[in-house]
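Read the structure below first, then the notes.
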Amino acid sequence: MRFDLDGLPVHFPYAAIYPEQHAYMGELKRALDARGHALLEMPTGTGKTAALISLITSYSLANPSRPLRLIYCTRTVHEMEKTLAELRLLFAHLPPAASRSLLALGLSSRKNLCVHPQASAAAARDSVDTACRRLTASWVREKAASDPESTPLCEFYETFDRAAAAGDLASLMPPGVYTLADLRALGRQRRVCPYFLARQMVKYANVVVYSYQYLLDPKVASIVSREMQKECVVVFDEAHNIDNVCIEALSVSIRKQTLEGAERNLRRISHEIDRFKATDANRLRAEYNRLVDGLAQRGNLPISDAWLANPALPDDILREAVPGNIRRAEHFLAVLRRLVRFLDGRLDTETVENEMPVAFVASIHSQAGIDQKMLRFCYDRLHSLMMTLEITDTDEFMHIQTICDFATLIGTYTRGFSIIIEPYDDRMPDIRDPVIQLSCHDASLAIRPVFDRFETVVITSGTLSPIDLYPRLLNFNPVISRSFTMSLTRDCICPMVLTRGSDQLPVSTKFDMRSDPGVVRNYGRLLLEMASAVPDGIVGFFVSYSYMDGIVNSWHEMGILQDIMQHKLVFIETPDVVETTLALDNYRKACDCGRGAVFFSVARGKVAEGIDFDRHYGRLVIMFGVPFQYTLSRILLARLEYLRETFQIKEGDFLTFDALRQAAQCVGRVIRSKADYGMMIFADKRYSRHDKRSKLPGWILSHLHDAHLNLSTDMALHIAREFLRRMAQPYDKTGSGGKKTLLTEEDLQAMAQDAMEM
Amino acid sequence: MGSMTIGAKYKTTLKDPGTPGILRMNDDKFTFTPNDPRSAMKLNVDFRSIKGHKFNKVDGNKPALLNLSKDSDKGGGYMFEFDNVGNRDLCRDFVAKVLGKHQGIPPRPTMPPEISGSSTGLEQLSAAEVERRVKLLREDSELQKLHKKFVLGNILRESEFWATRKNLLDDEANKASKQRPGFKTAMSDVRPSADGRTNKVTFNLTSEMIHQIFAEKPAVRRAFLDFVPKKMTDIEFWRKYCRAEYLLRTKNTVAATAEAAEDEELAVFLKNDDILAKEAKLKIKRVDPTLDMAADAGDDYIHLPDHGILRDGSKETVDTDSEWAQRTLSQELNRHAAVVLEGITSDVELTDAKTVAEALTRSKKEPPSTSTVDDDSHERLVKVARMTEIEDLQAPRSVPYAPLSIKDPRQYFDSQQANALRSLGGSNDGRKARNCSLSTEEVFHHIMDQISSFKVNKSNCSVLESDMALKVLNELNEGISRSRRLNLKNPQEGLLGRVPQHTQDELMDHWTAIQELLRHFWSSYPITSAVLYNKVQRVKDAMTQIYQKLQAIKESAQPDVRHEISRLVKPMTQALDAAFSHDLEQQQKSAKAGNKPNGY
C-alpha cells in the first residue's frame, strides 16, 4: 500500500498497517528530519523491521538530496536473513524505477560466505580465515606470479581481483537483495569470491545488513566499516543488550593457556625473524625504515591482507611514529617476552586482585620496563611484524594477539576499565584456573564513535524499559525517545505471575530456595500440567545453564521428565551451538507435524537472544525464576560501582532492570503479530512484588491483570485452558468498535483528512 | 536371487506319505535328492516348465504343502511337504520370486499368435507384485475362493482377474508403508538396579531398547557390527556397554578414563560419537536459516578466544575438546527426540540385534553431500519468507482447502449418478426423457429462453415447482425411513435369515461369483479384439452354469422358504438376464453388420 505520512509518500509492503507502525514511522520521520538520534521501544510482534525499512527507504526516495544509505545492524545472522527477506518484500512493492536501482546485501565472515571448496570445509571460523589467507595474501599471490606451479591460488579471489582492478564490480552484482545464501549462489555462479565482493560492495550498497560488531567492535569496524559515510542512517535492532555488546567488545581476558600459547608464538616469530635475516634481510630493514617514517601500517593494505584491527577505538589510536625502542623486530620481541613473563607472574596469585589500569601500567613499567606508550603500540607493531614475516596462519597467533590487545587497551584507557585477577572461579573453588580480566565498564566508550560519526542512529527493541536508562548508559542525547504500547484486537497475550506450586508452597529461584526438592518438584509439576493442556510448542527459560542442567537432571531422577515426554518431545539448549541449532530445527519439525515439543533454554543464552517462538512454535513461555546476573561476580560488582559513581545508577535498580529486561526478552519471543497468541508465565514469587514487576515493558504490564498476580499451578492451569479456548474462536481482525487495530489505505486517508480539518 | 536348500518330503499324490529328502532351488531349476539314495524319486526340473504354485492353508495338524504345477490346464505338478509353515513360506516366496522373474521373460515363440499379439496376454510381473497378490489371497478367503473358481477354473486369466483389482493391489502397497509404530516419545532409560544385598548392579535390556540404542548411538551400532561375533559374544558386548553406561552415569571420569585406557572396546562407548558429529556437520548445512545459530558463531568476533568477558557468571568455561565423552543428559534428550522425529525408516522386525543393526546401518547410508544445492534451493527462501511475513497485515493469499480424495473417480461418479436415479425413480414423471439431438444453436436459444423466463418469473422462482419438490422430498424421506426401519429392527430377520444355512452360503457364493463375472462381462464391452471376445465367451459360459445352478436351487427349495429364495435369487437372475440379452443384441448387431473376416 501507499500512503501519505505528514507529506511524505510511504511505500509499505503490506495491504494494511498497524496503528503502532504508523505512529512509529511518524516518530522516525521526525528524527530523520531533525538529523538526530532516536530511541524507540515497540512491542515485539508489531512489525518494527518492516516499519523501519519502509520509512527510511521512502524517505530517501522522496528526498533525492539524501540518497538511501542504511546500515542495519542485527544481533544474529538469522535476524540478518529475516531482515533481508523483509527488504526483498519491500523492494518488490517500490516503484520499478526505484527498486531497479537499489542494492541491499548482508555481510558476514568468511566462514559464512566462502565458496572455495577446500577453504570453506574448515570447521572453525579462524581456520577458514587462515585457509583463505593462505590462498589470497598479497605475498602468496606475488609468489604465485613467479612460481605458478606450486602455489595454489583461489580462483574466486582472482576473478574478484581482476574485476576490482578494472573497476567492474558493479556488473558482477546487479541491484537487488542479497542474503548470505544469495551471495554464495552468486559467487558459485560467477566464480567470484562472495566475501570480498560483499566487502567491496558495502561501500556502494544502499542497504547493508550486518552484525553489531561490524560497527561496535573496533577490531572489526575499522577494517569493514571504515568508509561508511556520515549520511548513513544506522539502525540497531533488538538493541536491549547493546550495552553488553559494547563492553564486551573492549574486554579481554588472559588465562594460563593464553600465556603458554603466546610463548609458543614468540618462539615461532623469533625463528621466522632468524630465517628472514638469513634469506631476506631487506624486508626487515624496509620495515624498520617504514616505522622510522612513522607509519605503523603500510598505508592501504590489500583487502585480502586485512587482519583484525587495533582493539582501541579509532579516535584514540595515536597517529605518531612507533617508539624507537620497539622498531627493531628483535627488540619488540624482547618487550613481548618481558610482558608475557610479567603477566605470568601476576597470574600466579593466590588472592583476588582488583586494579585500575593506571596502577597496572605503572607496575608493568617498574617491573618489566615497558612504558605506556610502548604498550599502546603493541598491537600495531605486532601486526606490522606479522605482515613483514608473511605469516598466513593467523589463527595460530591468536594468543600473542590477545596479549597485544590487552597491552594496547590498558595503554590507551585509564577510565572505565578495571583489571581483575582471580585465582579460581568462585563457584568451583577447588579447581585452580587463574585469569587476568580486563573488563570494560562503560558501554558509552565503544558506541561513542558511532554516535559521533553518523547523523542518525536509531536504537530500537521490544524491551527498552525503563527507556530513560539507555541514554544514560550509552551517554547520548536522542531527539526522539518513545515507548509505544500495543493495541490488541483481542487479548492475545496472557501474562501470569505464578508464585506457588500445586502444593501452595512458594516457588522461587532465590539462592536459598532453588535447590529445595519441593521447589524443583513444583516447577516440574507446573511444566507437566501445562504440557498436557497446551498444544504445540512450549518454551521454558531457566536462569542459567548450571541451574537448567541441575533441575533437568533432578526431574529425570524424579521421573517427572518421563511424564512430560509422554505428552511432548523434549529439546534442550546446550553450550554447543551446532547441537542447539539442530535441536531447534527438530523442535520446529515436531511443532509442525503436530507432535508438540518442549524447548528448554537459558535466559541470556543464544536462543533467548534471537530465536522467535511465534505462532505454534510457542504457545506458552515459562520463565522459571528471575534471571539475575551472578551477583558475586567481581566484574559485575566493579561495573556496578562504576555505574553508581559515574551515572548515579543504583546497584539494585540496575540489577533488577537487567534481570527484568532479560525476562521480558524471553517471554516476548512468543508473539509475532496480532493474529498470533501466546501465554507467558513468570514462575517466581518475586515477580509479584511491585518493584520487580513494574520494570516489565508496558505492553506486558497492561495485560497483566490483578487477578493473575498471585497464582498457584492449578489456578494457572485453569486460566490457561480458558485462554486457549477463547483464542480458538474466530474474530474480527480489524478490531471492533471505535478502536481500530488494523488500518487500511482508506483509513489512513480518512485520518489525514481529519487532521487537515482540525 | 541366489539359491535355497531346505529339507522337504516329495509327494506324488496328496495321500502319499512322501519321500524325505533335500530340496535345492536356484534361479533356473530345482532338484530334489531323497535321503534314501536307493529311492527313485530324484527330481531335476527346470523352473521354466513350472507355470504356477499353490500352497495350502495350514491349520491344526495338516501338513504344510507346496505344489509346483507344471501346466495349469493339465494339473500335473510336484508336491512337497514341509516340516513347518515357516519353511514352506520361505520356499514359496522363493518360488514366487523365481516364477515372477521367468514370467517376465518375453513370450516364447510357441505361444499361440493371438495371445502374443495382445496386450493382456502376458504381464510383466515383478517379484514384489507376485508376492503382494499371494498375500492378498492369503488374507482374504473370499478372494481366494473367487480366484480358485475362476482363474484356476480357467474362466478368467490371472491378469484379467487382477486387472479389476488394481486399486486393491495399490492400496495394499500403500498400507504397508503408511502407519507403523515409531519410537516411543518417552525415552526408555537404561537404568541400573541394585538388589541391595550384594555389590552387584543389574541392567535390563529389551530388544526395543536395543533398537533404540542402535538408532540413537550409531557408534555403538558400528561397534556391535564390528565386534559381534568376531571378537566377543552378544552378552559380552552388552555387558561392556552397560559397564560404560554405569561409568558415565556415576560421572566417575577418572575411573572411566582409566578403564578406557586398558580396554579398547570399552573405550568405544566412552568416546564421543564421531558418526553423529559427521551427520551433524551435514545437517547443519540444510538447517533453516532463520534459526541458524551456528552461522552466528562464525560471525562473532567479540568472543574470540579470550576476548569478551569471561567469568561473569553467565558462561560456563568447559574444555570441550576432550576426546572422552562429556555426554550429558541434555545431549541424550536432544538425540532421542531427533531420532523419534526421524521415525523408523527401515522395515525391521525387532527380533535379532544383528539384523536391526544392519538394517539401521543400511538406512543411514549417507545421501550424497548436497552442499552446493542448498543455497539455490527455493525452499529456503519460502521458509524465510514464511517466518518473516506478518500474516494479518496481508490479505489471505489463497484459501487453504483439502483436495477431495476419491480413490476411483469413475466408480464414484457412476455410483452417485445411479443413486440419484434410483432415488428419483418413483417420481420420474417430472423429467421427460428427451431425444437429445439438438444443434448447438438450438441449445443456446433454449438456454437463453430459460434464462429469460427465469428472469421474468423471478418472483415465483419456477426452476422447480414446489409441489414437485415436496413430492420428491417426501418420497426420499419415506424411502430412507422405511429402509432404516427394516434394517434396524430385525437385522437377523432379513430375507437371508429365513433360509437354511447351507442355502444361504451357497447363495452368497453365487452372488459374489456373479458380481465378479458381471464386472468382467460388462467391462469387456465394446468388444474390440479377439481376446475380449474369447473372454466374453468364457464368462458367458460360466454365467450360464451359475444361472442353471440358481434355477436348481430355486426349484429344489423347501416350499416354506421357496418364496424367500426366489426373492433372493430374482435380482441375480435379473442381472444375468440383462447380460445375456445384451450379448444377444450385440450378436445380432454384428451379424447384421456382416461377418467380419476374423470372426467377431
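The values are calculated or read from the model by the stated rules, or taken from the named source; none is laboratory data. Note that the coordinates shown come from a computational prediction; the quantities given were computed from them, not determined experimentally. Every residue, glycine as well, gets a Cβ built from its backbone with ideal geometry; the counts of neighbours run over all protein chains shown. Quick note on the areas: whole protein, heavy atoms, side chains included, nothing else; ligands and nucleic acids left out. Shrake-Rupley method; radii C 1.70, N 1.55, O 1.52, S 1.80 Å.
For residues in region A:2-41 being assigned to a strand (DSSP E or B) and acidic (Asp, Glu), which is farthest from A:Asn477 (Cα to Cα)? Explain how you work it out, then say what you get.
In the first step, residues of region A:2-41 are kept if they are assigned to a strand (DSSP E or B); the result is A:2-5, A:8-11, A:17, A:38-41.
Now narrow it down to the ones that are acidic (Asp, Glu): A:4, A:41.
Numbers: A:Asp4: 29, A:Glu41: 16 Å.
Among those that are assigned to a strand (DSSP E or B) and acidic (Asp, Glu), it is A:Asp4.
Every residue, every condition in (1) open to solvent by less than 20 Å² (accessible area, probe 1.4 Å); (2) modelled with pLDDT of 85 or more, yes or no:
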residue: A:Thr258; (1), (2): yes, yes
residue: A:Arg264; (1), (2): no, yes
residue: A:Arg275; (1), (2): no, yes
residue: A:Arg283; (1), (2): no, no
residue: A:Ala309; (1), (2): yes, no
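Look at (1) touching a strand residue (DSSP E or B) at 6+ places or on another chain (Cβ under 9 Å); (2) touching a residue at least 12 places away in the same chain (Cβ under 8 Å) and you find that A:Lys589 fails only one, number (2). Restricted to region B:267-297, and to residues there that are β-branched (Val, Ile, Thr) and in contact (Cβ under 8 Å) with a residue 12 or more places away in the chain, the residue that is nearest to the other protein chains (Cβ to nearest Cβ) is B:Thr290. When region B:333-365 is filtered for residues that are more than 16 Å from B:Phe224 (Cβ to Cβ) and modelled with pLDDT of 75 or more, the ones remaining, listed by number, are B:Leu333, B:Asn334, B:Arg335, B:His336, B:Ala337, B:Ala338, B:Val339, B:Val340, B:Leu341, B:Glu342, B:Gly343. Looking only at residues in region A:42-71 that are within 12 Å of chain B (Cβ to nearest Cβ) and in a helix (DSSP H, G or I), the one that is farthest from the chain's Cα centre (by Cα) is A:Ser54.
Selection of region A:206-237 for residues being of a type in the set (A, V, I, L, M) and either under 22 Å from A:Asp33 (Cα atoms) or within 16 Å of the chain's Cα centre (by Cα) (or both) yields A:Val207, A:Val208, A:Val209, A:Leu215, A:Leu216, A:Val220, A:Ala221, A:Met228, A:Val233, A:Val234, A:Val235.
Looking only at residues in region A:76-89 that are among the hydrophobic types (A, V, I, L, M, F, W, C) and out of contact with any Phe, Trp or Tyr (no Cβ under 8 Å at 6 or more places or on another chain), which one is farthest from the other protein chains (Cβ to nearest Cβ)? Steps first, please.
Pass one, region A:76-89, residues among the hydrophobic types (A, V, I, L, M, F, W, C): A:77, A:80, A:84-85, A:87, A:89.
Within this subset, residues satisfying the condition of being out of contact with any Phe, Trp or Tyr (no Cβ under 8 Å at 6 or more places or on another chain) are A:77, A:85, A:87, A:89.
On the way: A:Val77: 4, A:Ala85: 4, A:Leu87: 10, A:Leu89: 7 Å.
Going through the qualifying residues, I end up with A:Leu87.
For region A:113-121, check the following and say yes or no: at least one residue is within 13 Å of chain B (Cβ to nearest Cβ), assigned to a loop (DSSP other than H, G, I, E, B), among the β-branched types (Val, Ile, Thr) and over 22 Å from the mean Cα position of the chain (by Cα). For region A:113-121, residues within 13 Å of chain B (Cβ to nearest Cβ), assigned to a loop (DSSP other than H, G, I, E, B), among the β-branched types (Val, Ile, Thr) and over 22 Å from the mean Cα position of the chain (by Cα): present. Among residues belonging to region B:475-515 that are among the polar types (S, T, N, Q) and open to solvent by less than 80 Å² (accessible area, probe 1.4 Å), point out the one that is modelled with the lowest pLDDT. The qualifying residue modelled with the lowest pLDDT is B:Asn490. Annotation note: of A:Ala38, A:Ala97, A:Ala137, the sole residue that is more than 10 Å from chain B (Cβ to nearest Cβ) and at pLDDT 90 or above is A:Ala38. Checked against the criterion of being in the same structural domain as A:Arg432 (by the TED database), over 17 Å from A:Ile410 (Cα atoms), surrounded by 14 or more Cβ atoms within 10 Å (Cβ to Cβ) and in contact (Cβ under 8 Å) with a residue 12 or more places away in the chain, the candidates A:Arg346, A:Arg338, A:Arg327 yield just one match: A:Arg327. Checked against the criterion of being modelled with pLDDT of 90 or more and farther than 29 Å from A:Thr394 by Cβ, the candidates A:Lys82, A:Lys29 yield just one match: A:Lys29.
Of the candidates A:Ala185, A:Ala144, the single residue that is more than 14 Å from chain B (Cβ to nearest Cβ) and free of Cβ contacts under 8 Å to residues at least 24 places away in the same chain is A:Ala144. Residues of region A:583-634 that are closer than 21 Å to B:Lys184 by Cβ and facing another protein chain (nearest Cβ under 9 Å): A:Ala583, A:Asn586, A:Tyr587, A:Lys589, A:Ala590, A:Cys593, A:Arg595, A:Ala597, A:Phe600.
Return a yes/no flag: does region A:652-667 have any residue that is of a type in the set (S, T, N, Q) and away from every other protein chain (no Cβ under 11 Å). Break it down into steps so the answer makes sense when it comes.
Within region A:652-667, the first condition is being of a type in the set (S, T, N, Q), and the residues that meet it are A:656, A:662, A:665.
Narrowing the set further to residues that are away from every other protein chain (no Cβ under 11 Å) leaves A:656, A:665.
Within region A:652-667, one or more residues are of a type in the set (S, T, N, Q) and away from every other protein chain (no Cβ under 11 Å).
Note on region A:690-731: enclosed helices (runs of 4 or more DSSP H) holding 1 or more residues that are in the same structural domain as A:Tyr677 (by the TED database) and over 22 Å from A:Ala659 (Cα atoms) are A:713-727.
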